[in-house]
Amino acid sequence: MWLLDKFLTKAIRDGRLVVTDHDGKVYEYGPGGGEEIRIRLTHRKAANHIARYPQVGAGEAFMWGWLVVEPPHDVRDMILFVTANTKRHGDSAIQPQGALKKLAQKLAAKADGINLKGKARKNAEHTYNLTRRLYELFLDEDRQYTMGYYRDTSNSLEKAQLDKKAHMAAKMNIKPGMKVLDIGCGWGGFALYLHKHYGCEVLGVALAQDQIAFCKERAKAEGVADKVRFALMDYRDVAGEFDRISSVGLLEHVGTAHYPQFFSHTAKLLKPDGVMFSHCCGRAGPPGFTDGWTRKYIFPGGYIPALSELVTQSEQYGWQVMDVEAMRFHYSYTLEEWYNRTVMHRDEIVGLYDEEFYRMWLFYLAGAEQSFRNGNMVNWQIVYVKNREAIPMTREFMHEESERLRESEEPPVWHLDPGLREAAE
C-alpha cells in the first residue's frame, strides 16, 4: 500500500478520498471540506497492482472487483475527482513511475500502432464487432460512435449528433450529385445523411464485418442501396476518383507509421478540385502515446494524434490545410451521456456479456470522459484541399449551410424502455 499511499498523498489536495484496504485499514487523503469519495480495495494485491501499473492497474482492479466505489458515488465520480485534482495541481510530480518505465510504455505503444492490413482488420473487429444490441443501448438512434456537437449542453444526444452531421457536411462544400468516399463509415449514418441532403453517390468502407452488414441493411431499407454503397474494405484498396472524401473517427485507428500511406493514397483518390474532411480525436499539446489499458481492452492499435503530426504529414503529399477547428468539451458531454445510458441498461449488458465486461465498459467511458473534461484531449476537424479554389474565400458558407441543414429536420427520440425511462427520471 505504501506506493499507492505515496501517490495519493501528493495527488489529492482538494476534497477527501477515503480508502479502505483489504485488511480493513483506513487511509484518508485531502483536506476535506468538499466532495468525499470512498473506495474499498477487496484484494490484497489491489493497491500494489494499481500503483505499479498505473496505466492498466486501476482499470483492471475495477474490472475484477478488486476496487469498489462506495455509494452514493460510482467509478465515474472517482475518476473525475482524482483527475480534477491532478489537473488543478499539476501531475508532473505525482506520477508513480520512472522515466525508463514511461519510455518503455511509449515504445510499446508505437509498436502497437503499426497496423498492417491484417492487423488493422483484426483491431477493427475487436472494437466494432461487439453485439449489435450493445451499441443500441448506449448510442444515439443513428449509432454515431463519435463526438456529438453540443451547441447547447442541455441538448439531447440525438440533437447533438444530428447537429454534428450538419456541421461536418457544411464544411465539405458538397454539390448535388457529387461522388463521396466515406472512410471508416461506422454504421452508415453519415453516408446516408449526405445522400439524403445532397443526392450524392456515396461509397462507405470499413473493416468490421457486422458494421458493413448493418450499413447495407439500412441502405436497402431506405431504398438507396444503388446510391449509397458499403464495402468491407481497407481504404488502401479503394480505387477510383471522388469529389469529396470524409473520415470520421478513422485517423485514431490508422497509426502514425501509416500516415504517409493515408495521405498519399487519399491524394490519389481525390479529384484535383476536391475536398477532404477529417474529424478525429486529438491532443491539444505535443505528440504522446496511448495508455496501456485502452490499447489492451478497447482500441488495440489506436493512437490519438497531435495536430502537428497531422499537418506535417499531410503537407508532404500535396495537401493544403484550409480550416482547423478544435472541439474542446463536446466529447465529454457525449461520453457522459453514453455512460448514463450504459448504467441504465446494466442488467441487459451483464446478460449479454458479464459483470466484468460491464465494469470494463464503465471504466472506458468514464476514463475517456475525464481526458476530454480534465485532460488535454480535443476533437480536430480539418479541411484539406489540393487546390485552394476548391472552397469559398470565407467561412460564412459553413455557417450558412450548417444552419440550413439543422433547420431541415428534427432529431429522433431515443427509444428507451418505458420502465427504464421512469427510473431515470
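The values are calculated or read from the model by the stated rules, or taken from the named source; none is laboratory data. Predicted model, so just to flag it, every value in this text is computed and none were measured. In this analysis, Cβ positions are derived from the backbone assuming ideal geometry, glycine residues included, and neighbour counts consider all displayed protein chains. To get the accessible areas, we keep the full protein, side chains included, count just its heavy atoms, and leave off ligands, DNA and RNA. Shrake-Rupley method; radii C 1.70, N 1.55, O 1.52, S 1.80 Å.
Thr20 - would you say it is open to solvent by 50 Å² or more (accessible area, probe 1.4 Å), without any contact (Cβ under 8 Å) to a residue 60 or more places away in the chain and out of contact with any helix residue (DSSP H, G or I) (no Cβ under 8 Å at 6 or more places or on another chain)?
In short, no.
Within segment 178-192, is even one residue more than 30 Å from Gly351 (Cα to Cα), at pLDDT 95 or above and more than 24 Å from the chain's Cα centre (by Cα)?
yes
For segment 370-408, what are the residues that are assigned to a strand (DSSP E or B) and either within 30 Å of Met78 (Cα to Cα) or at pLDDT below 95 (or both)?
Scanning segment 370-408 gives Met377, Val378, Asn379, Trp380.
For residues in segment 194-246 being under 21 Å from Pro176 (Cβ atoms) and β-branched (Val, Ile, Thr), which is surrounded by the fewest Cβ atoms within 10 Å (Cβ to Cβ)?
Only one residue tops the list, namely Val224.
Scan segment 286-302 and report the pairs whose first residue is in contact (Cβ under 8 Å) with a residue 60 or more places away in the chain and whose second residue is acidic (Asp, Glu), with Cβ atoms within less than 8 Å and a gap of 6+ or a chain change.
Sorted first by the residue in segment 286-302, then by its partner, the pairs are Thr290/Asp112; Trp293/Glu60; Arg295/Asp112; Phe299/Glu252; Pro300/Asp112; Gly301/Asp112; Gly302/Glu252.
Return the residues of segment 255-273 that are open to solvent by less than 40 Å² (accessible area, probe 1.4 Å), closer than 14 Å to Gly240 by Cβ and more than 23 Å from the chain's Cα centre (by Cα); say none if nothing qualifies.
His265, Ala267, Leu269, Leu270
Looking at segment 60-96 only, could you name the residues that are modelled with pLDDT under 95, farther than 20 Å from Gly292 by Cβ and open to solvent by 70 Å² or more (accessible area, probe 1.4 Å)?
Across segment 60-96, the qualifying residues are Lys87, Arg88, His89, Ala93.
Which residue, of Arg404, Arg388, Arg395, is under 26 Å from Arg244 (Cα atoms) and surrounded by fewer than 12 Cβ atoms within 10 Å (Cβ to Cβ)?
Arg388
Can you tell me which of Gly30, Gly34 is in contact with a Lys or Arg (Cβ under 8 Å, 6 or more places away or on another chain), surrounded by 20 or more Cβ atoms within 10 Å (Cβ to Cβ) and either at pLDDT 95 or above or closer than 25 Å to Arg88 by Cβ (or both)?
Gly30
Looking at (1) modelled with pLDDT under 95; (2) open to solvent by 10 Å² or more (accessible area, probe 1.4 Å); (3) within 30 Å of Phe62 (Cα to Cα); (4) not basic (Lys, Arg), which one does Cys281 not meet, given that it meets all the others?
Of everything listed in (1) modelled with pLDDT under 95; (2) open to solvent by 10 Å² or more (accessible area, probe 1.4 Å); (3) within 30 Å of Phe62 (Cα to Cα); (4) not basic (Lys, Arg), Cys281 misses just condition (1).
Which one of Phe242, Phe230, Phe263 is within 21 Å of Glu401 (Cβ to Cβ) and either at pLDDT below 95 or not hydroxyl-bearing (Ser, Thr, Tyr) (or both)?
The conditions single out Phe242.
Condition first: touching a Leu at 6+ places or on another chain (Cβ under 8 Å) and under 25 Å from Met322 (Cβ atoms). Can you find one or more residues in segment 205-219 that meet it?
Yes, there is a match, as at least one residue in segment 205-219 is touching a Leu at 6+ places or on another chain (Cβ under 8 Å) and under 25 Å from Met322 (Cβ atoms).
Please go through segment 4-27 and pick out each residue that is over 19 Å from His49 (Cα atoms), out of contact with any Lys or Arg (no Cβ under 8 Å at 6 or more places or on another chain) and among the charged types (D, E, K, R).
Arg16
Looking for whichever is charged (D, E, K, R) and open to solvent by less than 40 Å² (accessible area, probe 1.4 Å) here; the options are Glu252, Glu336. Which one fits?
Result: Glu252 is the single residue among Glu252, Glu336 that is charged (D, E, K, R) and open to solvent by less than 40 Å² (accessible area, probe 1.4 Å).
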